2 protein chains.
Amino acid sequence: MYRMTETLGLASSLRRGTLEFCVLALLDDHPRYGVGLAQELGAAGALATTEGTLYPLLSRLRRSGWVATSWQESPAGPPRRYYTLTRDGHAALEHFRAEWVAFRDAVDLIVGTEIR
Amino acid sequence: MYRMTETLGLASSLRRGTLEFCVLALLDDHPRYGVGLAQELGAAGALATTEGTLYPLLSRLRRSGWVATSWQESPAGPPRRYYTLTRDGHAALEHFRAEWVAFRDAVDLIVGTEIR
DNA sequence: GTGACTACCTTGCAGCGCAAGGTACCATGT
DNA sequence: ACATGGTACCTTGCGCTGCAAGGTAGTCAC
């Protein structure tokens, strides 16, 4: 019998390597703060993630110089840290797009999911 | 300046989580041996991988019961270990296809690569 | 027997997503 | 002033998998 428990981590494995670029792409649209990013990714279904993933990820992006941050007052609550795409971040995103398309098409071809 | 060295591992990160299913898909076509699989993946460009990855991966598939193996003489060289997709393996592959399509479309939508 | 080719296997590591734990600010009510 | 609830951010420990590097072993030709 096919064991469902052996694939429960599949979506998580798929996210690995792409999630940070999805974050860059969201920031390409306009600056956002942490929880806002989490909500947008959650809305994308297959890209939903947790704070334990998101904040270290944002920290890595910051240290890479791909995003810059600034603090702003929130309407009613603690201050929010906004993230903005840098020039380097934009370049990294462009590079990812090319790599992703090549990878995606290769997988589609082998797996047989290219018919859309 | 955008640091190219920071993305050299990008293709590798993308492969993570999908490579084993690409192997299952190749075996869905017909049984193959290790080096043959490596060559097919290599031909797919973005899915090229190393023996250090492939053999532990095949070992995991075997222990999961997703593939069965048998030894066959080679034309001129050492014997080859052939891998065949099991019923469980086929089911796992079908499940991956659904998850992959959902994930792929979500990334395409966010990153802006949905126009094909 | 030696060397080249072919095929398979294992080990150690880096890096990232998850789960769980934590700190801190603001607003409201007592 | 203090407690509570909501909001926002952060860190740590872990499991997992692809890569790099090291290894064993069978076949064939010389």
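The values are calculated or read from the model by the stated rules, or taken from the named source; none is laboratory data. Remember, it's a predicted structure, so these values are computed and weren't measured experimentally. Note that each Cβ is placed from the backbone with ideal geometry, even for glycine, and that neighbours are counted across all protein chains shown. The area values use the complete protein model at the heavy-atom level, side chains included, leaving out ligands, DNA and RNA. Shrake-Rupley method; radii C 1.70, N 1.55, O 1.52, S 1.80 Å.
Counting Cβ atoms of other protein chains within 10 Å of each Cβ in B:93-100 and taking the mean gives 4. In this structure residue B:30 has an accessible area near 90 Å², from a 1.4 Å probe over the protein heavy atoms. Its DSSP H runs of at least 4 residues, each contributing -39,500 (n - 2.57), put the calculated 222 nm mean residue ellipticity of chain A at -18000 deg cm²/dmol, to the nearest 500. Highest GNM mean-square fluctuation among B:94, B:73, B:51, for chain B modelled with Cα contacts below 10 Å: B:73.
Across the range B:105-112, coupling constants 3J(HN,Hα) worked out from phi with the 6.51/-1.76/1.60 Karplus curve, θ = phi - 60°, read 5, 5, 5, 4, 5, 6, 7, x Hz, and Gly and Pro carry x.
When the Cα convex hull of chain B is projected onto planes of every orientation, the mean area is 9.5 nm². With contacts taken as Cα pairs under 8 Å at a separation of at least 6 residues, the range A:12-111 carries a relative contact order of 29 percent.
Mean-square fluctuations from a GNM of chain B, with a 10 angstrom spring cutoff on Cα atoms, peak among B:48, B:68, B:98 at B:98. Could you compute the net charge surrounding residue B:35? Neighbours are other residues with a C-beta less than 13 Å from the C-beta of residue B:35; K and R count +1, D and E count -1. Here the charged neighbours net out to +1.
Taking only protein heavy atoms and a 1.4 Å probe, what accessible area per residue, in Å², does chain A have with all protein chains in place? Heavy-atom accessible area per residue stands at 51 Å². How much FRET efficiency would the formula 1/(1 + (r/R0)^6) give for residue B:114 and residue A:62, where r is the Cβ-Cβ distance and R0 is 35 Å, rounded to 0.05? The formula returns an efficiency of 0.75 here. Accessible surface buried by the B/A pair amounts to about 4200 Å², both sides summed, 1.4 Å probe. Residue-wise HN-Hα couplings along the range B:21-27, as the Karplus relation 6.51 cos²θ - 1.76 cosθ + 1.60 with θ = phi - 60° gives them from phi, are 6, 5, 5, 4, 5, 5, 6 Hz; Gly and Pro carry x.
Only Lys, Arg, Asp and Glu carry charge here, each on its Cβ (+1 for the first two, -1 for the last two); on that basis the range B:4-111 has a dipole of about 360 debye about its Cα centre.
Working from the Cα coordinates of the protein assembly as shown, the gyration tensor eigenvalues give, after taking √(5λ), semi-axes of 38, 19, 15 Å in decreasing order. A label point on residue B:105, set 7 Å along the Cα-to-Cβ line, lies at 2.1 nm from each of its counterparts in the other copies, closest listed first.
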